[in-house]
Amino acid sequence: MKRLTAVTTVLGIASSLGIAVGLSTPAQALPGQTVAEVAAWMRSNPTIRPGRNEQLIVRKSDSAAQRFSFESSLFAPGALVAGSRSGGRIRNETLKLFDMQNGVSKARLEEALRSIYGLDVTQDFDRAEPIYTYPTAATVATGISQNKPILSALHGEIRKGARFAYWVEVARTAEGKAYSGRITVFQHRDIDKLEAEVRNR
């Protein structure tokens, strides 16, 4: 029988085998809570349970072609700036997927979000208002004129929900395929900072 790991779960392979892991478990730790609270929740969460010598950053891999990471950070999302540390409380949580075999889509990132956080956060994400979606036509034109393909390769959105804000991003190849992506869950107070940084890349 094929071994099922946390990586295959968050990459959606578990669902294809008819196995649901943690899909109905509500989130118990989110941005705004203490390091101790989040660390305890991560240890109890079957999808992101840290390994030996891991605490707030978890990295799992079935192979070089399939990887998953989850990070709880004391800093605001985006670039590190002075004063962005939150004084002992988690500021953002980011899940990242890399899958050269099956690709990474927005739908697969949302599936991973639900597997980790449960229905309440997933519904907040689904109902969230788009704040900024990219790349814009101007961004694509700039990338072509300045020979910066990364500007049009990154496809993402910043959303504002009732409870949290969300940053979804996938990186696409020149052929339109996406093999990596992420979702960041963060507090409303950091929306303006992140939006400014993304717009000015």
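With labels modelled as points extended 7 Å from the Cα through the Cβ direction, what inter-label distance (nm, one decimal) is found for Ala196 paired with Glu175?
4.1
What is the calculated FRET efficiency for Glu54 to Arg189, with r their C-beta to C-beta distance and R₀ = 25 Å, to the nearest 0.05?
That gives a FRET efficiency of 0.35.
For the cross-link pairs Lys106/Lys160; Lys160/Lys193; Lys96/Lys148; Lys60/Lys148, which exceed 20 Å when the distance is taken from alpha carbon to alpha carbon?
In this structure, Lys96/Lys148; Lys60/Lys148 lie more than 20 Å apart at Cα.
Quick check: residue separation of Arg89 and Thr136 times 0.36 nm, minus the Cα distance between them. What number comes out in nm?
13.5 nm
Hey, what do the phi angles of region 40-53 turn into as Karplus ³J(HN,Hα) couplings, whole Hz, using 6.51/-1.76/1.60 and θ = phi - 60°, x for Gly and Pro?
Calculated HN-Hα couplings, in order: 5, 5, 4, 5, 8, 8, x, 7, 10, 3, x, x, 4, 6 Hz.
Any read-out appearing in this document is the output of simple, stated calculations on the displayed coordinates, not a laboratory observation. This structure is a prediction, so every number in the text was calculated from the model and none was measured. So basically every Cβ, Gly included, is an ideal-geometry build from the backbone, and we count neighbours across all protein chains shown.
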